Ligand code: DQA
């Protein structure tokens, strides 16, 4: 039986290009393949997930607002907005849904401007550097948190 837990998986800008985009940094796995992996993990964990990608900050903010009524937690890779978006941070703080931040690459071994995350202080945790596994580990951690 499916539990009541529902997770919104949000992918930020340029993540629709995964597979093509800088494969030396982000790997060859496409976004559709990541979503499929997460859907199959969610099925095994008996939770519901909804996956959404946008290149637009406002659309991500709207999705976070709408999540309040529909979901129990958020798994987010904010992409470049990680390092720039007070609006996404404020939206997450505003809805108060447990949020896990994930990154395919290890943002701390890359350019200095990627070392700061506006999202980390409003997330329950962050996973960075494990490729598609960052999402899978993040989903597992979020679900464990929600079940506690
Ligand atoms: C990213 C890291 C960000 O710095 C970058 O802007 C991205 C992807 C990652 O998943 O490694 O778009 O969030």
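Laid out as a table, the results:
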read-out	value
For the chain: relative contact order, % (alpha-carbon pairs under 8 angstrom, 6 or more apart)	27 percent
FRET efficiency estimate (nearest 0.05) - Cβ-Cβ, residue 96 to residue 69, R0 22 angstrom	0.95
Simple label model, 7 Å out from Cα along Cβ direction - residue 39 to residue 14, nm	2.7 nm
Value of D in µm² per second that Stokes-Einstein yields for region 85-132, Kirkwood Rh from Cα pairs, at 10 °C (1.306 mPa s)	140 µm²/s
Ranking of 38, 139 by count of other Cβ atoms within 10 Å, fewest first	38, 139
Distant alpha-carbon pairs in region 1-60 (separation over 14 angstrom), percent	61 percent
Most mobile of 75, 45, 17 in a GNM of the chain (Cα contacts under 10 Å)	17
Part-to-part distance (alpha-carbon centres) for region 1-31 and region 80-95, which is given in Å	18 Å
Debye intensity ratio in log₁₀ form over the Cα atoms of the chain, taken at each q of 0.11, 0.18, 0.20 Å⁻¹	-0.36, -1.02, -1.29
The chain - mean residue ellipticity at 222 nm from DSSP helices (-39,500 (n - 2.57) per run, n ≥ 4, rounded to 500)	-12500 deg cm²/dmol
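Quick note: the coordinates plus some simple rules give every number you see, no bench work behind them. Computed from a predicted model, the values in this text were never measured in an experiment. When we count neighbours, we look across all protein chains shown, and the Cβ atoms used for this are built from the backbone with ideal geometry, even at glycine.
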